[in-house]
Amino acid sequence: MSDLSQLVDSLEDKISNVLHKNGELAKNNQGLTAQLTELKNQQQKILTDLNNWKDNYETLKLANSMLGSNQDKRETKLKINALIRELDHCIAYISE
């Protein structure tokens, strides 16, 4: 009977240890999940900032070429031609 009592005590200790480790792992998992969410938010903000900087760069390139700079003139002309074609298309659509 003593062996059975020791076996039960040993099982209780092991179960207690497993439950304790499970609790620690759950807390750790929650912390990592929160950290992952924060990092995803930071990544999204960085991507948004990057897109804004790209737009600003394109705008500055266009403004620079309109001010007489020889750089990016071809690109500006193509963009202006595309805008004119789009306006012609809109005018034709309105005329119908």
message: Between helix 2-66 and the chain, what is the angle of the helix's C-alpha long axis to the longest principal axis, kept within 0 to 90° and rounded to the nearest 10?
response: 10 degrees
field: Nearest 10 degrees, 0 to 90: helix 73-95 Cα axis against the chain principal axis
entry: 80 degrees
Residue list for segment 28-57, given a label point 7 angstrom along the Cα-to-Cβ vector of MET66 and an amide N cut-off under 19 Å: 53-57
- line: Of the candidate values (1) 20.3; (2) 16.1; (3) 14.3, the one computed for Kirkwood radius over Cα pairs in Å from this structure is (1)
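How much length is gained on full extension from ASP88 to HIS20, taking 0.36 nm per residue of separation minus their Cα-Cα distance? Please list the in-between numbers first.
Working: separation 68, 0.36 × 68 = 24.48 nm, distance 7.28 nm.
Stretched fully, the ASP88-HIS20 segment lengthens by 17.2 nm.
Just so you know, all these numbers are worked out from the coordinates, no wet-lab data involved. Just so it is clear, the model here is predicted, and its values are computed rather than measured. All Cβ positions, even for glycine, are placed from backbone atoms using ideal geometry, and neighbour counts span all protein chains on display.
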